[in-house]
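Engineer: Sending over a structure as structure tokens; questions will come in a sec.
The values are calculated or read from the model by the stated rules, or taken from the named source; none is laboratory data. All figures in this text were calculated on a predicted structure; none of them were measured in a lab. All Cβ positions, even for glycine, are placed from backbone atoms using ideal geometry, and neighbour counts span all protein chains on display. Protein only, heavy atoms only, side chains kept; ligands, DNA and RNA dropped before computing areas. Shrake-Rupley method; radii C 1.70, N 1.55, O 1.52, S 1.80 Å.
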Amino acid sequence: MKILYVCTEIYPLLKTGGLADVGAALPAALRAAGCHVRLLLPAFPSIAAGVRADAPALRLPVEGGPDVLRTLQPPPMLVRGHVIESGQPVYLLDAPALYQREGGPYQDAAGQDWSDNAARFALLGWAAAALGQGADPHWQPDVVHAHDWHAGLAPLYQKLLAGAGRITPSVFTVHNLAYQGLFAASSCAELGVPESLFTINGAEYHGQLSFMKAGLQFADAITTVSPRYAQEIMTPEQGCGLDGVLRDRRDRVSGILNGVDYELWNPATDPLLNAHFDGKRMSGKARVKRALQRLLGLEERPDALLFAAVTRLSEQKGLHLVPAMLPELIDRGGQLVILGSGDAGIEAALREALACHPGQAALRTGYNEDLAHRIIAAADVLLVPSRYEPCGLTQLYGLRYGTLPLVHAVGGLADTVTDCSLEALDEGRASGFAFHEFSANGLLGAMRRAFALRRRPSDWSAVQRRAMQQRFDWQEPAQAYRALYQTLLALTAAPLRF
Ligand code: ADP
Ligand code: GLC
């Protein structure tokens, strides 16, 4: 079975969040499950640098596609190659005027969305659709699997390219429904989106063009990254205005929990740590903690309950609840470390709050993979107080490193962390701390449970051991995606060749 996996990030070449972790690990797991997977990625500079071409580049079909196909010089090309480090086959969408720039993949260095994002990601959708409909004479996928709004136009363009012919089945995976790719209705003309598809049952969203809605409306199957989030996004509270669309397509929606790459996230072998540990020998964790306290200028107190967060600083992640809990956390003898990057306002608020507790609290900003590993390994409690969380990966990393997750019980966090209630402790199910009311009080309550458990060392150790034994491998999700692809193939006839 041949799968075209369309996304914008791949670890370690380009990462702004979990999408990149998934973009590296899921295709590898699908390969292990017997699928032939090729990625389609924009040729952002760091991605292009990690890919070696191994076949002549392809021209894209122009007829009906976005204007940039006609106006860009040199014309956009599909480079066929593979990721040097992993061998993963890829198509690179090469359009230097669109993708080769300083700054982030979606925003400039000042944090503003690139003004030509509509064209940049429409082209990605067009390239996916073209490959899906047979643009590479040597390789036509059986399924086009598009991820998040950046690839949302792929199923729409497939419809256009196929005309009355057969459409290669598509899967659209929502990693985060809040980012929708909304553009002015006037962009439809330059993107080649016809009026017939810019309707309430198509890609129109309150008068704008929505890439996310296009994916939801035109894909043959919709998945998201945890079963709980799949349910939540069908409700008005969490549906980001698209719950009605999702409810209408409810028979096509499913949730498949993300996994973890345990080759990268393993406390017994992690090369980024100064000491190693596992469920049977935990002394290394204390050494990692001491090294981190020293590195960040915290008092080297082995018994301080060390809370940590490694996160994007965005509204989603709930970090604005932290300043209110901090004084009590410090009073109780705890410490706090935050590694975050993103919103300047959230960063300023955290900086101000943490600065009141020198030696007990530290903030590091920017994106730092090494420090992320060291913090997740060193801490006792990993904070993930997200307002909503489609899956969340850091709580899964925390479990593996015996760093008990403290989470808001939503989405993938609710699916993966069991609170230390007395009954869960009694039944041997507890793996962390979860709160239900999204407020500083809710967070405080869970924090108090963490201190309470710490005063019961044998209970703490039991929960920690259980957390470390849990496995969220990629094998099972890969099998679930494979089964989904097979269902779609069974519903359709033999692929149409161009
Ligand atoms: P999201 O994709 O919503 O940001 P996830 O929990 O799925 O949330 O994935 C976040 C990923 O990004 C994890 O691999 C986490 O370790 C990493 N990460 C987040 N912030 C930082 C940071 N400031 N520095 C390094 N890694 C980070
Ligand atoms: C998104 C979500 C996060 C999820 C990640 C990978 O960024 O916010 O919850 O883990 O995608 O699917």
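Engineer: Taking the stretch 195-213 as the region of interest, how many residues are out of contact with any Gly (no Cβ under 6 Å at 6 or more places or on another chain), within 11 Å of Phe183 (Cβ to Cβ) and open to solvent by less than 10 Å² (accessible area, probe 1.4 Å)?
Structural biologist: Qualifying residue count for the region: 3.
Engineer: OK, next. State which residue is most open to solvent (accessible area, probe 1.4 Å) when the search covers only the stretch 384-398 and only residues that are within 8 Å of ligand 1 (Cβ to nearest atom), part of a helix (DSSP H, G or I) and more than 18 Å from Ile256 (Cβ to Cβ).
Structural biologist: So the residue we want is Thr394.
Engineer: Moving on to the next point. Select from the stretch 1-43 the residues that are more than 13 Å from ligand 1 (Cβ to nearest atom), open to solvent by less than 10 Å² (accessible area, probe 1.4 Å) and either in a loop (DSSP other than H, G, I, E, B) or in contact with a His (Cβ under 8 Å, 6 or more places away or on another chain) (or both) and list them in ascending order.
Structural biologist: Ile3, Leu4, Tyr5, Val6, Cys35, Ala43
Engineer: When only residues in the stretch 399-421 that are in a helix (DSSP H, G or I) and open to solvent by less than 10 Å² (accessible area, probe 1.4 Å) count, which is farthest from ligand 1 (Cβ to nearest atom)?
Structural biologist: Leu399
Engineer: Do we have any residue at all in the stretch 172-181 that's surrounded by fewer than 19 Cβ atoms within 10 Å (Cβ to Cβ), assigned by TED's automatic domain parsing to the domain that holds Arg120 and part of a loop (DSSP other than H, G, I, E, B)?
Structural biologist: Within the stretch 172-181, one or more residues are surrounded by fewer than 19 Cβ atoms within 10 Å (Cβ to Cβ), assigned by TED's automatic domain parsing to the domain that holds Arg120 and part of a loop (DSSP other than H, G, I, E, B).
Engineer: Here are the criteria: (1) open to solvent by 10 Å² or more (accessible area, probe 1.4 Å); (2) under 19 Å from Gly152 (Cα atoms). Tell me which single one Lys280 does not satisfy.
Structural biologist: (2)
Engineer: Could we say that Val79 is modelled with pLDDT of 95 or more and touching an Asp or Glu at 6+ places or on another chain (Cβ under 8 Å) here?
Structural biologist: Yes; evaluated as a whole, the condition is true for this residue.
Engineer: Look through Ala109, Ala127 and report the one residue that is of a type in the set (Gly, Ala, Ser) and at pLDDT 95 or above.
Structural biologist: Unique residue meeting the criteria: Ala127.
Engineer: Any residue at all in the stretch 366-377 that's over 21 Å from the mean Cα position of the chain (by Cα), assigned by TED's automatic domain parsing to the domain that holds Thr311 and over 12 Å from Leu313 (Cα atoms)?
Structural biologist: No, because not a single residue in the stretch 366-377 is over 21 Å from the mean Cα position of the chain (by Cα), assigned by TED's automatic domain parsing to the domain that holds Thr311 and over 12 Å from Leu313 (Cα atoms).
Engineer: May I ask you to list the residues in the stretch 92-147 that are of a type in the set (Lys, Arg) and open to solvent by less than 40 Å² (accessible area, probe 1.4 Å)?
Structural biologist: Arg120
Engineer: When the stretch 338-394 is examined, which residues are found to be modelled with pLDDT of 95 or more and of a type in the set (D, E, K, R)?
Structural biologist: Of everything in the stretch 338-394, those that are modelled with pLDDT of 95 or more and of a type in the set (D, E, K, R) turn out to be Glu347, Arg351, Glu352, Arg364, Glu369, Asp370, Arg374, Asp380, Arg387, Glu389.
Engineer: List every residue pair whose Cβ atoms lie under 6 Å apart, where the two residues are 6 or more positions apart in sequence or sit on different chains, the first residue falls within the stretch 344-372 and is more than 20 Å from Ala291 (Cβ to Cβ), and the second residue, located anywhere, is open to solvent by 50 Å² or more (accessible area, probe 1.4 Å) and within 11 Å of ligand 1 (Cβ to nearest atom).
Structural biologist: These pairs meet every condition: Glu347/Thr365.
Engineer: Okay, moving on. Has the stretch 53-71 got at least one residue that is within 16 Å of ligand 2 (Cβ to nearest atom), among the small types (Gly, Ala, Ser), open to solvent by 10 Å² or more (accessible area, probe 1.4 Å) and touching a residue at least 12 places away in the same chain (Cβ under 8 Å)?
Structural biologist: No: the stretch 53-71 contains no residue that is within 16 Å of ligand 2 (Cβ to nearest atom), among the small types (Gly, Ala, Ser), open to solvent by 10 Å² or more (accessible area, probe 1.4 Å) and touching a residue at least 12 places away in the same chain (Cβ under 8 Å).
Yes/no per residue for (1) within 18 Å of Arg301 (Cα to Cα); (2) among the aliphatic types (A, V, I, L, M):
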position: Ala361; (1), (2): yes, yes
position: Arg364; (1), (2): no, no
position: Leu393; (1), (2): no, yes
position: Leu399; (1), (2): no, yes
position: Gly402; (1), (2): no, no
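Engineer: With (1) within 21 Å of the chain's Cα centre (by Cα); (2) open to solvent by less than 30 Å² (accessible area, probe 1.4 Å) as the list, and Pro267 as the residue in question, which single condition is left unmet?
Structural biologist: So Pro267 meets the others, but not (1).
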